[in-house]
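S.K.: So that we are looking at the same thing, I have put the structure below in C-alpha cells.
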Amino acid sequence: MAAATGTVTATATATATAGGNGNGNAGGNGNGNSGASHGKSASAPGHVGKVDAGTTTSTTVDTTTQVASVPKEKNIHAKLGRLNSLQRNINAYMNSKSKKFAGIQAFVTQSAKAKVAQAAAETAAATAAAAQAQLDTLNAQLTALQADPTATPEQIQAVKDQITAQQAIVDADNAAADEAEAAAATATVGTDQASLDAALTDMANKPVDDEVTAWAQGVLAGKIDQMATKIEAQTTP
C-alpha cells in the first residue's frame, strides 16, 4: 500500500509539473505575442489618426482656396429669376398672354419686324440700283449711236424708247426703295436699348445689372431671328 501511494504521489507531482510548465510556457508565449500584437494595433490607430488629421488639414486648405477662387455668382441663372423663362421656344413668345412677359414679347416682335423691314429695304435698294445701272447702259448706247455716223434714226429712236421705259422702272423702283427705307426706320421704334431695359425690368423679379442685360441680349437675338423667319414665311406669297 505504501508503494502504491508513492507511485500515485509521484505521478501526481509529475503531472502537476508538466501542467505548470505547459501553462507557464503557453501563458508566457501567448501573453508575449498578444502583447506584441496589441502594441502594433495600438500604433496602427495612432498612425491612422495622424493621416486623418493631415487629411483634415489638407481638406480645409483646399476648401478655403476653392471658395476664395470661385466668383460670388457661380451661375448667371442664379441672378435671372423670372428672366430664365426667356429661353422658352419661339411659339411661347408669339402666343404668351402673360402681362409680365408682354414687354419682352413686344420688343422681340417689333425687333423681328424691324429686321424683316430692313431686309426688304436692302432688297428694294438693290433692285433700284440694278434698274439705274440698266438705264445708265442704255444712255451710254444712245450716246454711242448719236456719235456714230452710220447709225440710222430708227436705231437711235429705238434706244430712246428703251430709255423712256427704263426710266419709268427706275422711278418706280426708287419710290419703292424710299418707301421701304421709311418703313424700316419706323419699324425700329421700340427696339432701342431703353425699350429692352424697360421690358427686362418689368418682367424681372431680381435686380437687372449689366451681366443680366448682356445675357438677355444674347438669348433674344436668336429669338428675334426665329420670329423674323416666321414673319417672312407668313408674308411671302
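The values are calculated or read from the model by the stated rules, or taken from the named source; none is laboratory data. On a predicted model such as this, the values are computed, not experimentally measured, just so you know. Using ideal geometry, Cβ is built from the backbone for each residue, glycine included, and neighbour counts are taken over all protein chains shown. Accessible surface is based on the protein model in full, side chains and every heavy atom, while ligands, DNA and RNA are left aside. Shrake-Rupley method; radii C 1.70, N 1.55, O 1.52, S 1.80 Å.
S.K.: All but one of (1) open to solvent by 40 Å² or more (accessible area, probe 1.4 Å); (2) within 30 Å of Gly222 (Cβ to Cβ) hold for Gln134; which doesn't?
M.R.: Looking at each condition in turn, Gln134 falls short on (2).
S.K.: Also, quick follow-up: Of the residues in segment 122-166, how many are of a type in the set (A, V, I, L, M) and under 30 Å from Ala185 (Cβ atoms)?
M.R.: Qualifying residue count, segment 122-166: 9.
S.K.: Residue check: is Ala187 in contact with a Lys or Arg (Cβ under 7 Å, 6 or more places away or on another chain), at pLDDT below 95 and not polar (S, T, N, Q)?
M.R.: no
S.K.: Let me ask something else. Is it the case that Gln217 is surrounded by fewer than 15 Cβ atoms within 10 Å (Cβ to Cβ), under 36 Å from the mean Cα position of the chain (by Cα) and at pLDDT 95 or above?
M.R.: Yes, satisfied.
S.K.: Take segment 158-191 and flag every residue that is surrounded by fewer than 12 Cβ atoms within 10 Å (Cβ to Cβ) and acidic (Asp, Glu).
M.R.: Within segment 158-191, just Asp161 meets the criteria.
S.K.: Those residues that are surrounded by fewer than 14 Cβ atoms within 10 Å (Cβ to Cβ) and either part of a helix (DSSP H, G or I) or over 24 Å from the mean Cα position of the chain (by Cα) (or both), I need them from segment 85-117; list them, please.
M.R.: Hits for segment 85-117 are Gln87, Asn91, Asn95, Lys97, Ser98, Lys99.
S.K.: If you don't mind, there's one more thing I want to ask. List the helices (runs of 4 or more DSSP H) inside segment 118-237, counting only whole elements, that have at least 3 residues being farther than 30 Å from Phe101 by Cβ and either in contact (Cβ under 8 Å) with a residue 24 or more places away in the chain or out of contact with any Ser or Thr (no Cβ under 7 Å at 6 or more places or on another chain) (or both).
M.R.: 153-187
S.K.: With respect to the numbered conditions (1) over 51 Å from the mean Cα position of the chain (by Cα); (2) open to solvent by less than 50 Å² (accessible area, probe 1.4 Å), which one is the sole condition not fulfilled by Ala121?
M.R.: (1)
S.K.: Let me ask something additional. So Pro149 passes all but one of these: (1) in contact with a helix residue (DSSP H, G or I) (Cβ under 9 Å, 6 or more places away or on another chain); (2) more than 30 Å from Lys79 (Cβ to Cβ); (3) open to solvent by 80 Å² or more (accessible area, probe 1.4 Å). Which condition number does it fail?
M.R.: That leaves (1) as the condition not met.
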